[in-house]
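Visitor: Please see the structure below; I have some questions.
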Protein chains: 2
Amino acid sequence: MTMTRRDVGVAALTAAVAAVAAGGHTARAAEQKPVHDMSGMPASWTGHEQIAFLIYPQFTALDMVGPHYMLTSLMGAKVHVVAATRDPIHSDAGLIFTPSATFEDCPKDLDIICVPGGTTGTLAAMQDESTLRFLKDRGSRAKFVTSVCTGSLIIGAAGLLDGYKATSHWVAEPVLSVFGATPVHARIVKDRNRITAGGVTSGIDFGLYLLGMLRDRTYAETVQLMAQYAPEPPYDSGVPERASPEVKGMVDAMFTQFGPMAETIGRASFDKAKLL
Amino acid sequence: MTMTRRDVGVAALTAAVAAVAAGGHTARAAEQKPVHDMSGMPASWTGHEQIAFLIYPQFTALDMVGPHYMLTSLMGAKVHVVAATRDPIHSDAGLIFTPSATFEDCPKDLDIICVPGGTTGTLAAMQDESTLRFLKDRGSRAKFVTSVCTGSLIIGAAGLLDGYKATSHWVAEPVLSVFGATPVHARIVKDRNRITAGGVTSGIDFGLYLLGMLRDRTYAETVQLMAQYAPEPPYDSGVPERASPEVKGMVDAMFTQFGPMAETIGRASFDKAKLL
């Protein structure tokens, strides 16, 4: 029997859906016998990535859940949600998550490590020695070191952005320079194996971008269609250049304290992390 | 002292951020003494909404977490994550959430009830009597009955879309007619107090739309800027009209079974719910 590329894709992705149906708890298609013969499938469509999202108290859930949706669509990948312990973690908006792995039992060699952002919780994570030590260790070997939103301040504090171009939530971009990084105002910034995304919802574009990079365009487009990702924001105020002065002024005023605090804490943590 | 509208907004939203900092576990600004004098704030900027997201085994987390981000930015609102029990709930991609309320202790009178979608888990939820009974009860009094993605199949099964225009994940739109609804192919459909959103990522547009509806344009735009919601999808394949035939064919093939199953289950559940 000749399988066309399309048949192959159907079989592969149907298997992924079957894995969902069976309640796969890591990646959608992980640890699941395929229900179709996938022997003819392009090798490039199934991977063996080990992917870890770091979570911490008061992180912003959407920063993580957006790219988590995308990356759990990678056939063959294992996706871990990692924290210091397995105790439930409260997000800044009150969602309660149970980690699937700890700093101890998270795989040593990761393909992707991704750190989401937040506000106060992020400043605390930047100062936490075990977090910095974990990121320094896994980040030194990970194929891609990544972040969404102010998550870049945490990987920056761990010394992982020194000498790299990077981005963050637009409010926090200037802070990156204290970590030896060059701030770039963009939604996704890739510099060698560092990939950083802008604020919150940027994580969805970032996740889709990774799918195209790790598989191919057809794969990414299929997941985009499943996610019905054809955004129609009812307003056009998502970046400072397009927001009204009133709206821009409000967000600036809200974060007057955040920037200086992040710089002070960042500088101290960056120095401390070098010694860990 | 005269407060301009902008000063007022700053004070109000700064208080919201302060609430985050203090670790508010329901809405971002709930249960928190304001750190600024907000006496001059427009009454319309602070509400008292009771909002509930229903979650269930194998739901799609992004369907819920997108609008949850938006709605927890409503000052004064309380946002609940409700399930049959407080036992942890596994999403279809393996995220583990702890509900904040049960069907029993969820407030009786809700301003908004919102049901996220999924695939196999959604078919199971459509058949679950306690879920249907809960939705029938709260939905009969809620100011707005809403859904994201295939969540509309669950509220439809509970009889809450009978005689209404509604939408769903594009794959599932035709199924809505078994619930007496008129399917509409759109990202957000509002018919009187029913508001349904399309697949997965539509929930973010839906949440932002609700902010404008429940507060005002400036409020919604401020949250949009905080979320840096200026999407830049790296591909343009998010709706069937724009996907390539290859990509469209793959997703169609993946869901060949889902449509007929959802129709059969939906018809039976819709009839059963009438008697509950």
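The values are calculated or read from the model by the stated rules, or taken from the named source; none is laboratory data. Being a predicted model, the structure only gives us computed values, none of them experimental. Reconstructed Cβ throughout: ideal geometry from the backbone, glycine too, with neighbour counts over all protein chains shown. Just the protein is used for accessible areas: all its heavy atoms, side chains included, with ligands, DNA and RNA removed. Shrake-Rupley method; radii C 1.70, N 1.55, O 1.52, S 1.80 Å.
Visitor: From the set of residues in segment B:52-78 that are facing chain A (nearest Cβ under 10 Å) and of a type in the set (F, W, Y), which is farthest from A:M64 (Cα to Cα)?
Guide: Ranking the qualifying residues of segment B:52-78, first place goes to B:F53.
Visitor: Please specify each residue of segment A:178-189 satisfying the condition of being out of contact with any strand residue (DSSP E or B) (no Cβ under 6 Å at 6 or more places or on another chain) and either crowded, with 19+ Cβ neighbours inside 10 Å or small (G, A, S) (or both).
Guide: A:V178, A:F179, A:G180, A:P183, A:A186, A:R187
Visitor: Something else: Mind listing whichever residues of segment B:190-249 are in contact with a strand residue (DSSP E or B) (Cβ under 7 Å, 6 or more places away or on another chain) and basic (K, R)?
Guide: The one that is in contact with a strand residue (DSSP E or B) (Cβ under 7 Å, 6 or more places away or on another chain) and basic (K, R): B:R194.
Visitor: Being facing another protein chain (nearest Cβ under 8 Å) and open to solvent by 10 Å² or more (accessible area, probe 1.4 Å) narrows it down to one of B:P231, B:P174, so name that one.
Guide: The conditions single out B:P231.
Visitor: Among the residues of segment B:61-75, write down those that are open to solvent by less than 10 Å² (accessible area, probe 1.4 Å), of a type outside the set (D, E, K, R) and under 12 Å from the mean Cα position of the chain (by Cα).
Guide: B:A61, B:L62, B:M64, B:V65, B:G66, B:P67, B:H68, B:M70, B:L71, B:T72
Visitor: When you go through B:G203, B:G212, B:G259 one by one, which is the residue that is among the small types (G, A, S), in contact with a helix residue (DSSP H, G or I) (Cβ under 8 Å, 6 or more places away or on another chain), within 25 Å of B:A77 (Cβ to Cβ) and open to solvent by 10 Å² or more (accessible area, probe 1.4 Å)?
Guide: One residue alone meets the criteria, B:G212.
Visitor: Among the residues of segment A:76-103, write down those that are open to solvent by 40 Å² or more (accessible area, probe 1.4 Å), over 22 Å from A:E129 (Cβ atoms) and part of a strand (DSSP E or B).
Guide: The answer is A:K78, and nothing else.
Visitor: Looking at B:G151, B:G121 in this structure, which one is small (G, A, S) and either within 23 Å of B:L210 (Cα to Cα) or without any contact (Cβ under 8 Å) to a residue 40 or more places away in the chain (or both)?
Guide: B:G151
Visitor: Could you tell me which of the residues B:V115, B:V145, B:V81 is at pLDDT 95 or above and within 14 Å of chain A (Cβ to nearest Cβ)?
Guide: B:V81
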